[in-house]
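Let me begin by presenting the structure, written as structure tokens, before commenting on it.
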Amino acid sequence: LGQLSTPYALENGGWSSIFLLVGLGVICAYTSHVMGKCLKQSPKSRNYQDIGELAFGGKGRFVAAFFIYSEIFLALVSYTISLGDNLATIFHNKHIYITWMNISTRHLLTIMAVFISLPSLWLRDFSSISFLSSGGIIMSLMIFATVSWTAISWGAKANHRIPALQLQNIPGISGLYMFSYAGHVVFPDIYRAMKDPSKFTK
């Protein structure tokens with residue numbers, strides 16, 4: 001998901017669809033900058049719901065809450081599906097049995113992984129686990145290095161031509177591109193967890 005799905009989206013949308021990815025990035029960067037200013041001007045605001053209420057009243061709070069919680073739920077569903085697929089691939093020949101549970105190894109591994117990560121959802125201050133963000137950076141570098149090494153050492157070549165634009169696929173790949181910026185939803189929490197929130201917009 002995110003970085004891993006971007007090449008697939010580019011292949012299906014055509015080279016011109018890269019402008020959609022860049023455009024979404026510009027929109028997310030601009031809105032995060034505006035959000036930082038809103039939180040700075042209203043110290044009592046702590047999340048998107050507070051900003052929505054400040055701008056449009058009670059209806060704004062409801063609409064903001066609906067979209068935020070929908071995004072969080074759907075993102076968790078996507079990550080859980082991806083987690084199950086990858087764990088099943090990693091432990092392809094492994095079989096785990098629990099006598100009193102009629103459940104497959106894949107589902108059991110997914111449930112275990114979810115329960116391991118579940119406590120992090122209860123944290124109010126993300127600064128205590130900020131060191132984990134370095135893991136994401138390391139994983140991104142590993143992905144880049146792996147793909148580069150594969151292309152260089154194995155001489156990977158394109159076996160088909162990617163068209164300039166496939167307009168009929170744009171609605172489908174838009175979701176894949178937008179998923180690359182799914183972290184936008186936690187920006188208010190990151191802002192509040194910073195030692196110096198004034199640096200958020202810099």
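The values are calculated or read from the model by the stated rules, or taken from the named source; none is laboratory data. Quantities reported herein were computed from a predicted structural model and do not represent experimental measurements. Note: ideal-geometry Cβ built from the backbone for every residue, glycine included; neighbour counts use all protein chains shown.
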| remark: Counted residues in the stretch 24-49 being in a helix (DSSP H, G or I) and more than 29 Å from P163 (Cβ to Cβ) come to 14
| request: Would you mind finding the one in L10, L21, L4, L76 that is out of contact with any strand residue (DSSP E or B) (no Cβ under 7 Å at 6 or more places or on another chain), within 24 Å of P171 (Cβ to Cβ) and not in a helix (DSSP H, G or I)? | output: L4
| said: Suppose the filter is at pLDDT below 85, in contact with a helix residue (DSSP H, G or I) (Cβ under 7 Å, 6 or more places away or on another chain) and in a helix (DSSP H, G or I); does G52 pass it? | reply: no
| field | Tally, over the stretch 38-55, of residues that are within 23 Å of the chain's Cα centre (by Cα) and among the charged types (D, E, K, R) | value | 2
| request: Check the stretch 115-134 and report whether any residue there is more than 23 Å from F187 (Cα to Cα) and either outside any helix (DSSP H, G or I) or at pLDDT 75 or above (or both). | output: yes
| query | Would you call S78 in contact with a Phe, Trp or Tyr (Cβ under 8 Å, 6 or more places away or on another chain) and at pLDDT below 80? | reply | yes
| Taking the stretch 4-30 on its own, how many of its residues are surrounded by 14 or more Cβ atoms within 10 Å (Cβ to Cβ) and within 19 Å of the chain's Cα centre (by Cα)? | 9
